[in-house]
1. Defining a contact as two alpha carbons under 8 Å apart and six or more residues distant in sequence, what relative contact order in percent does the chain show?
2. Length gain on complete extension for the stretch Gln125 to Val57, per 0.36 nm per residue less the alpha carbon to alpha carbon distance?
3. Of the listed values (i) 8.9; (ii) 11.6; (iii) 9.8, grab the one calculated as mean projected area of the Cα convex hull in nm² from the structure here.
4. Please compute the modelled spin-label separation between Arg3 and Gln96, points set 7 Å along Cα→Cβ, answer in nm with one decimal.
5. For the chain, what is the calculated [θ] at 222 nm in deg cm²/dmol (nearest 500), taking -39500 (n - 2.57) for each run of four or more DSSP H residues and dividing by its residue count?
Amino acid sequence: MIRKAKLSDLPALMKLYDHLRGGLAWTKRQPTPVTKDHSKALTSLLKDKDSQILVAVEGGQVVGTCTLYILPRVYWTGRPWAILDSIVVAEDGQGQGTGTKLIKHAIAQAKKAGCSQVNLTSNTQRVRAHRFYESLGFEGTYVGFKYVLV
């Protein structure tokens, strides 16, 4: 089942987000503790009509998530566009269709909002994820950059 996240999902979301850091075993890091800042950020996103944190739930457990942002756009068609971010499925749940359901649900929400396109970025080393996104119709057409502030 795909649904919008709730504040009570925060610990499960944080556990999933640790996978985006390369997996805890690979990075030799401790799990990220839930802080007031995380709670504040999730509360803000849950109230934002142009953002959705979607979760995949199986057996009563959150096993995947992605965040959908709908943004206005003057460029191109003048219609809004969407960004998918923080896409992750628990390692033991990959390859079972969970990610496909999440992303297809997010795309449907973007279409409903009148978006002209959906973009996502992915770490250059996540080749398997890139093949997955391409299998869903995404094209590898951009190079992403980041500027770390904190």
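Every number in this text was worked out from the coordinates using simple rules, so none of it is lab data. The structure presented is a predicted model; accordingly, all values stated were derived computationally and were not measured. Using ideal geometry, Cβ is built from the backbone for each residue, glycine included, and neighbour counts are taken over all protein chains shown.
1. Relative contact order here is 19 percent.
2. Roughly 21.8 nm would be gained on extension.
3. (iii)
4. Inter-label distance under the simple model: 1.8 nm.
5. -10000 deg cm²/dmol
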